[in-house]
Amino acid sequence: MSGSTSQLQVDGKTVDMAIKTGSIGPSVIDIAKLYAQTGMFTYDPGFTSTASCESQITYIDGDEGILLYRGYPIEQLAEHGDFLETCYLLLEGELPTAAQKADFDYRVTRHTMVHEQMARFFQGFRRDAHPMAVMVGSIGAMSAFYHDSTDISDPHQRMVASMRMIAKMPTLAAMAFKYTIGQPFVYPLNSLDYTSNFLRMCFAVPAEEYKVNPVLSRALDRIFILHADHEQNASTSTVRLAGSSGANPFACIAAGAACLWGPAHGGANEAALKMLEEIGSVENIPKYIAKAKDKNDPFRLMGFGHRVYKNYDPRAKIMQKTTHEVLNELGIKDDPLLDVAIELERIALSDSYFIEKKLYPNIDFYSGITLKAMGFPTSMFTALFALARTVGWIAQWKEMIEDPSQRIGRPRQLYTGAPQREYTPIGRR
Ligand code: SDX
């Protein structure tokens, strides 16, 4: 997309830089030639003002609280579609026809089993390993089992690797869960839809029939839609950077999962629930609000704040509605954690500190309550986030690989270390 130019005066020189304008959202100043023209780098740790790429997948308006997947509002996709429809949309750029959807569902369903030797791979982990440690290891290990889909220059192999990861992530996540609770792995069942299959692989036991609760399956499917993609967040940027070196797709997605695990990112849903449990009751909220505002206290309200959203995270609103749906379906009338969450949100949103800093609940604030009510242990929350975000990582990786202008990502630095100096022999130190 073209635009006008901007000028930079530096050391008496005037440097012209093109302004590129997208279809919606902020324009960008193309600084690619800045170093060649000025001998200087830009400086933006945390990339608060830096666009790393051009993309057509997801658009976020942080001030208005808008999230679009390929132009479609998240509210409409969550309301009317299912997760595999969102996967098709993110990968292909358009909503599928009925025939395309049926074919996509069929192909994903028939890739849900993992190589039987992967079960043995799991045996190497301690039973008390965190499911995300198991997920990062087993996703990476996929490149040791599926050599026939690691050549990134082959569009067919890219497609096969993509389908394999979308299809097998629920199986790996369920295996990680079962392994840590000492129960046998449950094979996927092709007669079930994607999310019902996942619930059954998590909660079925050989000793009895397992009946999927359709309300819970629909709720979890919607939660997956909410988590599917989110522009150039930390884990997606990790996947793009890993992919820019030509690393195989399984290794790139494993890198994304490792980054997602951090409590400031996808690990926040686990941290948010632990925070609600630590607060324990509505009476304790003021003490924790004060801690969150205290500059000398590292405590933060987990599930609050966002780099981009300076308004309510649109996903959090849908998440809150889903929480009530699930608790009602399960007959959970008064969940003390929900009471704490609702009161904490009410107090925080009326407190000048949070208002001035534009700190609102994000997607992680309510998800933990919902997932816990469904029977997932806190340690599984980020694994569920990784399951859903896999399609976003893959769509962004695919877009980068297919971009003719893509090059290996290699940022520079502002060096403030020791200037060159001579080696001192140890006897003279
Ligand atoms: C996800 O990027 C994405 O899109 C991520 C994600 C996705 O879908 O991929 O949306 C998923 O990761 C959601 C975010 C989950 N993380 C948390 O809930 C952890 C708690 N939130 C924060 O750590 C923080 O808000 C971040 C990490 C989310 C954003 O950090 P920023 O943009 O670097 O903001 P900041 O840390 O500079 O905070 C700005 C100010 C600071 O105060 P000052 O130094 O300006 O005085 O707000 C304060 C912070 O101290 N602040 C908080 C706070 N978050 C920020 N104070 C109390 N509690 C908080 N949660």
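The values are calculated or read from the model by the stated rules, or taken from the named source; none is laboratory data. These numbers come from a predicted model, not from an experiment. All Cβ positions, glycine included, derive from the backbone under ideal geometry; neighbour counts span all protein chains shown. Protein only, heavy atoms only, side chains kept; ligands, DNA and RNA dropped before computing areas. Shrake-Rupley method; radii C 1.70, N 1.55, O 1.52, S 1.80 Å.
Set side by side, the residues L95, L68, L77 differ, and just one is aliphatic (A, V, I, L, M), surrounded by 21 or more Cβ atoms within 10 Å (Cβ to Cβ) and out of contact with any Asp or Glu (no Cβ under 6 Å at 6 or more places or on another chain), which is L77. Examine the stretch 275-283 for a residue that is open to solvent by 10 Å² or more (accessible area, probe 1.4 Å), without any contact (Cβ under 8 Å) to a residue 40 or more places away in the chain, more than 16 Å from the ligand (Cβ to nearest atom) and assigned by the TED database to the domain that holds M159, and state whether such a residue exists. Checking the stretch 275-283: at least one residue is open to solvent by 10 Å² or more (accessible area, probe 1.4 Å), without any contact (Cβ under 8 Å) to a residue 40 or more places away in the chain, more than 16 Å from the ligand (Cβ to nearest atom) and assigned by the TED database to the domain that holds M159. The residues on offer are R200, R164, and the sole one that is in contact with a Leu (Cβ under 7 Å, 6 or more places away or on another chain), charged (D, E, K, R) and in a helix (DSSP H, G or I) is R200.
A count restricted to the stretch 393-415 and to residues that are in a helix (DSSP H, G or I), touching a helix residue (DSSP H, G or I) at 6+ places or on another chain (Cβ under 6 Å) and farther than 17 Å from M132 by Cα stands at 5.
Only one residue in G243, G266 is assigned to a loop (DSSP other than H, G, I, E, B), touching a helix residue (DSSP H, G or I) at 6+ places or on another chain (Cβ under 9 Å) and under 24 Å from M163 (Cβ atoms), so which one is that?
Exactly one of G243, G266 is assigned to a loop (DSSP other than H, G, I, E, B), touching a helix residue (DSSP H, G or I) at 6+ places or on another chain (Cβ under 9 Å) and under 24 Å from M163 (Cβ atoms), namely G266.
Assess whether E345 counts as being acidic (D, E) and within 23 Å of G266 (Cα to Cα). Taking the combined requirement at face value, the residue satisfies it.
Condition check ((1) open to solvent by less than 10 Å² (accessible area, probe 1.4 Å); (2) within 30 Å of A144 (Cα to Cα); (3) assigned to a loop (DSSP other than H, G, I, E, B); (4) not hydroxyl-bearing (S, T, Y)) across all residues:
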{"site": "L220", "(1), (2), (3), (4)": "yes, no, no, yes"}
{"site": "E231", "(1), (2), (3), (4)": "no, yes, yes, yes"}
{"site": "V239", "(1), (2), (3), (4)": "yes, yes, no, yes"}
{"site": "C252", "(1), (2), (3), (4)": "yes, yes, no, yes"}
{"site": "A271", "(1), (2), (3), (4)": "no, no, no, yes"}
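The residues in the stretch 112-135 that are within 21 Å of M165 (Cα to Cα) and among the charged types (D, E, K, R) can be counted, and the count is 2.
Screening the candidates R429, R389 for the property of being surrounded by 24 or more Cβ atoms within 10 Å (Cβ to Cβ) and basic (K, R) yields one hit, R389. Restricting A348, A341 to residues that are farther than 20 Å from L260 by Cβ, within 10 Å of the ligand (Cβ to nearest atom) and open to solvent by less than 50 Å² (accessible area, probe 1.4 Å) narrows the list to A348.
Sort out for me the strands (runs of 3 or more DSSP E) sitting completely within the stretch 1-61 that have 1 or more residues that are of a type in the set (V, I, T) and open to solvent by 80 Å² or more (accessible area, probe 1.4 Å).
Because the criterion is at least 1 residues that are of a type in the set (V, I, T) and open to solvent by 80 Å² or more (accessible area, probe 1.4 Å), the strands (runs of 3 or more DSSP E) in the stretch 1-61 that meet it are 5-10.
Consider only pairs whose beta carbons are under 6 Å apart and that are at least six residues apart or on different chains; among these, list those whose first residue lies in the stretch 360-374 and is in the same structural domain as R346 (by the TED database) and whose second residue is open to solvent by 10 Å² or more (accessible area, probe 1.4 Å) and more than 10 Å from the ligand (Cβ to nearest atom). Within 6 Å, the pairs are Y360/Y312; P361/E345; Y366/Q320; I369/L337; I369/L338; A373/L330; A373/I332; M374/L216.
If you go through the stretch 312-338 and keep only what is within 13 Å of the ligand (Cβ to nearest atom) and touching a Gly at 6+ places or on another chain (Cβ under 8 Å), you end up with Y312, D313, P314. Selection of the stretch 80-91 for residues being part of a helix (DSSP H, G or I) and surrounded by 14 or more Cβ atoms within 10 Å (Cβ to Cβ) yields F83, L84, E85, T86, C87, Y88, L89, L90, L91. Within the stretch 351-373, being over 18 Å from the mean Cα position of the chain (by Cα) and within 12 Å of the ligand (Cβ to nearest atom) holds for D351, Y353, F354, I355, E356, K357, K358, L359, Y360. Just give me the residues in the stretch 284-320 being assigned to a loop (DSSP other than H, G, I, E, B), open to solvent by less than 10 Å² (accessible area, probe 1.4 Å) and within 13 Å of G62 (Cβ to Cβ), in sequence order. Of everything in the stretch 284-320, those that are assigned to a loop (DSSP other than H, G, I, E, B), open to solvent by less than 10 Å² (accessible area, probe 1.4 Å) and within 13 Å of G62 (Cβ to Cβ) turn out to be Y309, D313.
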